[in-house]
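Notes follow once the structure below has been shown.
The values are calculated or read from the model by the stated rules, or taken from the named source; none is laboratory data. Predicted, not measured: the structure shown is a model, and the values here were computed from it. As a convention, Cβ positions derive from the backbone with ideal geometry for all residues, glycine included, and neighbour counts pool all protein chains shown. The area values use the complete protein model at the heavy-atom level, side chains included, leaving out ligands, DNA and RNA. Shrake-Rupley method; radii C 1.70, N 1.55, O 1.52, S 1.80 Å.
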Amino acid sequence: MNLSLHDTMTGEKRPFVPRDPKRVTMYVCGPTVYNYSHIGNFRPVVAFDLLYRVLRHIYGDDAVIYAANITDVDDKINAKAAAEGVPIGTITDRYLAAYRADAAALGALPPTFQPRATETIDAIVAMIGRLITNNAAYAAEGHVLFNTQAYSGYGELSHRPLDDMIAGARVEVAPYKQHPADFVLWKPSKPGEPEWSSPWGPGRPGWHIECSAMIEQTLGLPIDIHGGGIDLVFPHHENERAQGLCADHAESYSNYWLHNGFLTFGEEKMSKSLGNVVLAHDLVKQVPGEAVRWALLSGHYRQPLDWTGELLEQARKSLDRLYGALRRAADLDLKPVAPPTAFLEALGDDLNSPRAFAELFALGKTLETAADPGERAKAKAELLAAGGLMGFLQADPETWFQGGADDDLKDKVEGLLKTRMEARAAKDWPTADRIRAELDALNVVVMDSADGATWRLKEGV
């Protein structure tokens with residue numbers, strides 16, 4: 001399988017060639033755990049989980065090392081801990097557990113490493129010390145700041161001159177800065193906030209230095225792939241790259257930079273600050289996580305995706321269609337097979353998930369319509385293999401449709417469906433409509449097809 005990825009640094013889609021096929025490294029910026037994460041926060045989780053799965057398919061499970069950080073010290077965390085009168089660890093442990101559970105519900109595999117900022121302080125302090133030694137940082141009034149003037153490559157990732165970046169960013173004005181674009185590596189803690197000792201006084205790290213230190217500690221430089229949301233290109237990834245390169249005069253930081261597009265809600269970026277959020281923690285209690293995952297992958301990862309109820313409804317219907325084909329083919333024996341070439345080519349083209357979905361539907365159609373049992377069995381095996389690579393179709397089809405129904409309800413629904421089918425055959429529409437209403441009152445969704453009627457419970461039942 002060949003893989004090409006769009007690299008933000010070059011602005012081009014490039015064939016992916018790891019530095020060492022036996023040790024493929026990927027880092028993705030993770031959450032700040034001060035609250036439940038909204039569904040927009042999970043778009044990079046799902047997109048880069050898909051890439052993680054593809055890399056494991058190509059190079060082997062043990063050859064791919066994936067790190068995704070946890071920011072567990074931050075102003076918002078401090079504020080929430082102060083409001084509740086508890087240590088920051090109480091806040092971060094609570095929401096990290098929820099984040100991991102929500103990610104698992106969306107089918108995301110656990111990363112190889114999930115380093116936490118509070119457990120990386122020694123590495124952060126050591127990296128800051130090397131930056132000062134290399135004249136790429138300076139101490140001032142209890143702070144340590146990165147010296148953007150000392151690095152000629154600053155701005156190469158975001159493709160913007162320094163003056164434009166200053167104009168487009170919220171730059172903190174402070175008398176101890178040597179240049180307006182210089183950013184904090186270490187800062188004093190406010191009274192009552194957590195603090196750690198350092199050669200520059202007690203305090204805590206800035207945001208950007210965390211990832212540089214975590215990459216160095218868990219993966220080493222250079223890495224193969226660095227991922228995150230498009231909003232992180234500047235300032236976070238620009239600053240992170242500058243720190244990592246200047247700390248040890250490295251030649252390369254990441255060989256490929258990948259960024260996913262925003263998840264929008266009514267044409268605005270989904271954001272807690274705007275108040276237009278849908279919490280994944282609530283959503284996975286109402287609909288199957290697999291349907292949420294499908295919705296998040298329904299558009300190409302690099303493009304904006306507008307989150308609507310219709311998008312989620314269509315995702316559920318798409319999965320119903322494929323699970324329905326699998327349920328009607330339950331009697332077919334399987335032999336393990338690899339995903340088909342056309343499907344792999346779709347994913348190999350910069351994770352083209354819409355095209356990959358089209359290949360899943362093509363397999364489902366073959367499974368439903370082919371006359372030859374061998375061809376149908378092959379289609380079923382390939383559908384399961386392809387779906388499994390993307391994180392889909394691994395549930396039992398009966399459970400997918402009727403997992404929340406007890407035997408009495410199943411028997412009652414099946415009896416009503418049989419009577420309704422007989423009424424429809426006799427063109428007794430009033431009786432058919434009455435039964436449909438009765439099924440609706442039982443919280444049952446009826447799905448008519450050329451092969452008959454199937455059913456499932458309504459979401460949340």
- At q = 0.11, 0.21, 0.23 Å⁻¹, what log₁₀ I(q)/I(0) does a Debye calculation on the Cα points of the range 137-251 give, no solvent, two decimals? -0.37, -1.30, -1.46
- Among the DSSP H helices of the chain, those whose Cα atoms extend at least 15 Å along the helix axis and whose mean Kyte-Doolittle hydropathy is 1.6 or higher are 121-133
- Item | Convex hull of the range 301-343 built on C-alpha atoms - directionally averaged projected area, nm² | 4.9
- Task: Run the numbers on the chain and let me know its relative contact order in percent, using alpha-carbon pairs under 8 Å that are six or more apart.
- Result: 16
- Item | the chain - mean residue ellipticity at 222 nm from DSSP helices (-39,500 (n - 2.57) per run, n ≥ 4, rounded to 500) | -14000 deg cm²/dmol
- Message: Treating the range 342-415 as a set of equal point scatterers at the Cα positions, no solvent, please give the Debye-formula log₁₀ I(q)/I(0) at q = 0.27 Å⁻¹.
- Response: -1.13
- Note on the structure: In whole µm²/s, the translational diffusion coefficient that Stokes-Einstein assigns to the range 190-280, given a Kirkwood hydrodynamic radius over C-alpha pairs, 20 °C and 1.002 mPa s, equals 137
- For the range 386-446, what value does the Rg/Rh ratio take when both radii are computed over Cα atoms and Rh is the Kirkwood radius, given to two decimals? 1.14
- Starting from the alpha-carbon convex hull of the range 317-461, give the projected area averaged over all orientations, in nm². 10.0
- For the range 27-115, just the Cα set please: Rg and Dmax, both in angstrom. 14.5, 49
- Task: Could you state the accessible area per residue of the range 1-159 in Å², with a 1.4 Å probe and every protein chain left in place?
- Result: 40
- Most positive-pole-ward Cα, Q303, L393, S212, against dipole of the chain from beta carbon charges: L393
- Enter the per residue convex hull volume of the chain, computed from alpha-carbon coordinates, in Å³ rounded to the nearest integer. 163
- Distance (nanometres) between label positions extended 7 Å along Cα→Cβ at A437 and R19: 6.9
- Message: Longer than 32 Å from Cα to Cα, which of K317/K418; K76/K458; K22/K335; K187/K269 are they? Say none if no pair is.
- Response: K76/K458
